[in-house]
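To start, the structure under review is shown below, and the notes come after it.
The values are calculated or read from the model by the stated rules, or taken from the named source; none is laboratory data. Because the structure is predicted, anything quoted here is derived from the model rather than measured. Cβ placement follows ideal geometry from the backbone for every residue including glycine, while neighbour counts extend to all protein chains displayed.
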Amino acid sequence: SQTIHQWPATLVQPVGSPLSLECTVEGTSNPNLYWYRQAAGRGLQLLFYSVGIGQISSEVPQNLSASRPQDRQFILSSKKLLLSDSGFYLCAWSVPSGTTDTQYFGPGTRLTVL
Amino acid sequence: AQSVTQLDSHVSVSEGTPVLLRCNYSSSYSPSLFWYVQHPNKGLQLLLKYTSAATLVKGINGFEAEFKKSETSFHLTKPSAHMSDAAEYFCVVTYSNTGKLIFGQGTTLQVKP
């Protein structure tokens with residue numbers, strides 16, 4: 001069966017520091033991968049998605065970047081964190097079977113920028 | 001614009017009573033619809049999905065939803081609430097022309113003993 005891992009689970013970082021969040025998927029090959037951010041009391045916002053190694057699409061301009069160095073690894077990064085980067089970051093995967101793929105979410109990373 | 005609206009930000013029910021969480025979507029192209037549940041500080045878990053098959057969809061944990069095209073609705077129901085159902089629920093739509101998920105703002109379900 002497929003599983004998705006995210007780490008760390010929680011992170012507290014000072015403003016201006018770098019960020020690296022990692023997501024890995026097991027039990028499937030060539031998945032579509034996604035990064036979402038959930039601000040407090042709000043819905044999810046799609047940040048990035050990837051349909052293959054090295055292929056990243058950004059949904060909104062922001063202080064963050066994403067990379068996919070391996071088929072089942074998706075990394076969210078920042079060179080300098082802002083206060084507004086605080087939130088709950090969720091990684092998701094789907095099997096690319098069409099345009100209405102079901103997405104499955106990881107456990108999330110709670111990021112607090114102070 | 002393609003959108004999804006969850007009509008209630010908070011719903012409170014007593015344990016053992018029915019649950020109704022309302023969701024409306026904008027009618028365009030061929031939607032697929034999902035309900036996800038999120039417990040505090042956890043990821044999202046898929047409850048059920050509609051993808052143009054049977055209009056009454058049964059999901060996990062006793063939840064079900066009915067796709068009503070004439071009303072552009074996809075309300076989530078459960079006959080009898082359990083304390084463990086207390087969580088945030090998201091209605092999500094994706095359209096065949098984009099494939100991207102569009103999330104509702106969420107409904108917080110409170111279950112009182």
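Observations
- The strands (runs of 3 or more DSSP E) falling completely within the range B:55-113 that include 2 or more residues that are hydroxyl-bearing (Ser, Thr, Tyr) and under 28 Å from residue A:33 (Cα atoms) map to B:87-95, B:107-112.
- The single condition among (1) in contact (Cβ under 8 Å) with a residue 40 or more places away in the chain; (2) touching a Ser or Thr at 6+ places or on another chain (Cβ under 9 Å); (3) within 12 Å of chain A (Cβ to nearest Cβ); (4) among the polar types (S, T, N, Q) that residue B:38 does not satisfy is (2).
Listed here are the residues, each with its yes/no results for (1) in contact with a helix residue (DSSP H, G or I) (Cβ under 6 Å, 6 or more places away or on another chain); (2) assigned to a loop (DSSP other than H, G, I, E, B); (3) modelled with pLDDT of 95 or more.
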{"position": "A:11", "(1), (2), (3)": "no, no, yes"}
{"position": "A:20", "(1), (2), (3)": "no, no, yes"}
{"position": "A:23", "(1), (2), (3)": "no, no, yes"}
{"position": "A:29", "(1), (2), (3)": "no, yes, no"}
{"position": "A:57", "(1), (2), (3)": "no, no, no"}
{"position": "A:60", "(1), (2), (3)": "no, yes, no"}
{"position": "A:66", "(1), (2), (3)": "no, no, yes"}
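- Looking across the range A:72-90, the residues that are crowded, with 19+ Cβ neighbours inside 10 Å, touching a residue at least 60 places away in the same chain (Cβ under 8 Å) and more than 14 Å from every other protein chain (Cβ to nearest Cβ) come down to A:78, A:81, A:85.
- Residue that is surrounded by 15 or more Cβ atoms within 10 Å (Cβ to Cβ), more than 25 Å from residue A:40 (Cα to Cα) and at pLDDT below 90, where the choices are B:52, B:32, B:73, B:27: B:32
- Residues located in the range B:45-99, provided they are away from chain A (no Cβ under 14 Å), without any contact (Cβ under 8 Å) to a residue 60 or more places away in the chain and of a type in the set (Lys, Arg): B:58, B:68, B:69
- The selection criterion, being more than 12 Å from the chain's Cα centre (by Cα), polar (S, T, N, Q) and either surrounded by fewer than 20 Cβ atoms within 10 Å (Cβ to Cβ) or closer than 22 Å to residue B:105 by Cα (or both), holds for residue A:13.
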